[in-house]
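Reviewing the structure listed below.
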Amino acid sequence: DAYYTVEREQLMVAEYFRDHPDEQPLLTPERRSRIAIKFPGVWIFTGISFAITGLLTLVRVIWLGFPLHPLGFALAFSPAIYELWPSIATGHLIKRFGLRVGGIALIPSVLRPFAVGLFVGDLCTVAFWRVLGSLVF
């Protein structure tokens, strides 16, 4: 952008976000106490979520075939799940189909190398486009 310069950005920050010496400060201690709301319920919900995740981990260690994963519980309540669910569903369907067709022997011989290849291919593709983008743009 032709209008963007570092000096212009610094001037905007100085104009809008820094206190001027001839004016009263915008963020006084009284205003700061009203802005920073202390919500003890956050700590309660965080503790409950931590306990549930710990219990899911313990149950998964004790019961080998337990279907719920603690990472799934942690991701279920985050915005990241909207981006990740197609990949998770695709991986689950490939694993389920592979186990039905080839059994447990198919995992180390076919499915694991396939998954590693997908991961490395995605990593190389992202790295290639980042390098190309930094060189061209």
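The values are calculated or read from the model by the stated rules, or taken from the named source; none is laboratory data. For clarity, every value in this text was computed on a predicted model and none was experimentally measured. For neighbour counting, all protein chains shown are included, and Cβ atoms are generated from backbone atoms with ideal geometry for every residue, glycine included. Accessible surface is based on the protein model in full, side chains and every heavy atom, while ligands, DNA and RNA are left aside. Shrake-Rupley method; radii C 1.70, N 1.55, O 1.52, S 1.80 Å.
Given R0 = 41 Å, the distance between the Cβ atoms of S109 and L55 translates into a calculated FRET efficiency of 0.75.
Within the full protein context, the accessible area of E83 is estimated at about 150 Å² for a probe radius of 1.4 Å.
Quick one: which of 49-58, 100-109 comes out on top by average Cβ neighbours within 10 Å, and what's the full order, highest first? Walk me through the intermediate numbers first.
Numbers: 49-58: 12.8, 100-109: 10.7.
Highest to lowest by the protection proxy: 49-58, 100-109.
Rolling a 1.4 angstrom probe over region 44-130 with all protein chains present gives an accessible area of which 77% lies on carbon and sulfur atoms. Summing Cβ point charges (Lys, Arg +1; Asp, Glu -1) relative to the Cα centre of region 34-133 gives a dipole of roughly 120 debye.
Roughly speaking, what is the stretch gain from S134 to E83, that is 0.36 nm per residue apart minus the C-alpha to C-alpha distance, in nm to one decimal?
Numbers: separation 51, 0.36 × 51 = 18.36 nm, distance 2.50 nm.
Full extension from S134 to E83 adds 15.9 nm.
R100 to Q10: extension gain in nm, 0.36 nm per residue of separation minus the Cα-Cα distance? Provide the component values of the computation, followed by the final result.
Values: separation 90, 0.36 × 90 = 32.40 nm, distance 6.12 nm.
Taking 0.36 nm per residue and subtracting the Cα distance, the gain is 26.3 nm.
In this entry, region 94-137 is assigned a mean projected area of 3.4 nm², taken as a quarter of its C-alpha convex hull surface. Comparing region 32-137 with the 2.2 N^0.38 Å rule of thumb, its C-alpha radius of gyration ratio is 1.57 (two decimals).
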